[in-house]
Amino acid sequence: MQRTLYIRPIGLYPAPAEDQEGAIWGGLPIAGGSLAFSALEVIERYPGGANRRIVGLGEFMERDWGRHTLAAADLFEAFRAGRPRLAGLALDRPRIMGIVNVTPDSFSDGGRHDSTEAAIAHALRLEAEGADILDIGGESTRPGSDAVALDEELARVIPVIEGLRPRTEKLISIDTRKAEVMRRAAAAGADILNDVSALTHDPDALEVAAETGLPVMLMHAQGDPKTMNDNPVYDDVALDVFDFLERRIRACEAAGIPKAKIVADPGIGFGKHLHHNVAVLSQMSLYHGLGVPVLLGASRKKLIGQIANVDDPKDRVPGSIAAALSSIAQGVQIIRVHDVAATRQAIEVWQAAVRGSEAPISK
Ligand code: 7PJ
């Protein structure tokens with residue numbers, strides 16, 4: 001089935017407390033969060049293109065949407081509905097996922113034990129800086145990178161999860177495309193499975209993920225990391241990504257993973273040119289129509305360097321924060337970052353400024 005109607009909430013502003021009950025005409029809280037939307041971009045897709053127009057919330061509610069009536073009602077309900085907790089974590093405010101890379105190039109070259117200890121120490125530092133989720137990854141999936149063998153990936157990440165588990169109550173996610181790594185990470189105490197292939201890379205991943213009973217983060221990518229940015233092609237990137245994620249959510253549900261345990265991520269930098277990345281970034285609120293929490297991972301990525309002309313990823317922190325804040329302003333619930341302290345500071349000040357209240361979002 002090819003979707004022909006898409007809706008993107010726009011005009012988001014802090015929801016006044018009394019609006020949370022549903023003052024329809026003035027604006028609706030998005031996904032039960034702290035931002036309300038007052039207008040919608042209605043996108044009608046046809047072969048080879050799409051019409052986009054903006055309608056106020058009142059007009060949207062009153063209008064007869066004809067053959068789109070069911071789709072419009074479904075999408076609207078997806079925007080409106082609150083999101084259940086994810087592995088116990090409330091998603092009514094922005095959450096930070098801190099990146100812990102356990103790859104040989106990322107930590108000391110003093111051998112396996114040293115790199116395990118360094119990764120654990122790094123994760124605990126990110127926790128102290130305010131991360132809500134610690135994302136452990138042993139396979140670099142950066143553009144152009146080679147695949148990592150199963151034994152090597154297990155040897156990198158399992159000792160880190162085992163060592164970290166008794167030392168933190170924060171959520172631990174495992175960033176992997178391999179079913180066996182998922183299984184072993186779950187046994188070692190991981191709380192969430194994060195797969196940049198949306199459980200498509202490993203033929204066993206869907207079944208194994210369902211067996212673990214853990215929540216899954218499904219990311220869109222076009223192609224394999226090695227070659228994905230050579231020649232990505234889309235009809236309309238933001239909508240194609242929506243369709244892919246919708247299909248993968250359905251596949252998960254069919255395999256026994258309920259929607260309440262799914263997070264969707266449009267996959268910035270994965271099989272996307274700069275213009276694709278900015279098209280997705282500028283339309284992040286579209287993905288709330290999937291009816292699940294939305295995740296952004298743009299931290300230090302190439303698009304930041306391309307936009308602002310910054311070569312060294314370590315120098316891309318300010319641009320990464322700008323991307324994070326623009327997504328949070330579109331109601332995105334989880335931001336995956338390297339620089340937790342800086343991102344957290346930015347989010348707290350941004351929130352105080354938009355809400356006119358200095359109460360921290362923390363805890
Ligand atoms: C992402 C990821 C992302 C999710 C990586 C890097 C490349 N997982 N794993 N989303 N990126 N969910 O961090 O630059 O964007 S690895």
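The numbers here are math on the coordinates, done by the rules we state, and not lab data. Remember, predicted model here, so these are calculated numbers, not experimental data. For neighbour counting, all protein chains shown are included, and Cβ atoms are generated from backbone atoms with ideal geometry for every residue, glycine included.
Classify segment 95-355 from the C-alpha gyration tensor, please: rounded if a/c falls under 1.5, else prolate or oblate depending on whether a/b exceeds b/c. Cα axes put segment 95-355 in the rounded bin. Beta bridges assigned by DSSP with both partners in the chain are antiparallel in approximately 40 percent of cases. Given +1 at the Cβ of Lys and Arg, -1 at the Cβ of Asp and Glu and no other charges, the dipole of the chain around its Cα centre is 460 debye to the nearest 20.
Under a Gaussian network description of the chain, with springs only between Cα atoms under 10 Å, the residue in Gly66, Gly213, Gly58 that fluctuates furthest is Gly66. Summary: within the chain, the longest segment free of GluC sites (Glu not before Pro) located in DSSP loops with at most 11 other C-beta atoms within 10 Å is 170-357. Return, ordered by residue number, the residues of segment 205-221 whose backbone nitrogen is under 18 Å from a label point located 7 Å along Cα→Cβ of Arg247. Residues 205-207, 218-221 qualify, since their backbone N sits under 18 Å from the label point.
Remark: segment 5-80 is approximated by an ellipsoid whose semi-axes, taken from the C-alpha gyration tensor as √(5λ), come to 23, 12, 10 Å, largest first. Backbone N atoms of segment 126-157 closer than 19 Å to the 7 Å Cα→Cβ label point of Lys314 belong to residues 126. In the chain, the longest principal axis of the Cα atoms and the axis of helix 150-164 are about 80 degrees apart. Based on Cα contacts under 8 Å between residues 6+ apart, segment 50-154 shows a relative contact order of 23 percent.
Suppose R0 equals 35 Å; then what is the FRET efficiency for Ala329 and Asp230 from their Cβ-Cβ distance, rounded to the nearest 0.05? Efficiency at R0 = 35 Å is approximately 0.60. Per residue, the average separation of C-alpha pairs within less than 8 Å and at least 6 apart gives the chain a relative contact order of 16 percent.
Measuring r between the beta carbons of Ala322 and Ala187 and using R0 = 41 Å, the FRET efficiency lands at 0.55.
Which percentage, to the nearest 5, of the DSSP beta bridges contained in segment 24-145 is antiparallel? Antiparallel bridges: around 70 percent, rounded to the nearest 5. Annotation for segment 145-215 versus segment 283-335: alpha-carbon center distance of 24 Å. With no solvent and one equal point scatterer per Cα, compute the Debye intensity ratio I(q)/I(0) for segment 90-202 at 0.10, 0.14, 0.18, 0.19 Å⁻¹ and report its log10, rounded to two decimals. Each listed q corresponds, in turn, to -0.26, -0.52, -0.86, -0.96. Between Met217, Met182, Met228, where does the largest GNM mean-square fluctuation fall for the chain, given springs only between Cα atoms within less than 10 Å? Checking each option, the largest mean-square fluctuation is seen for Met228.
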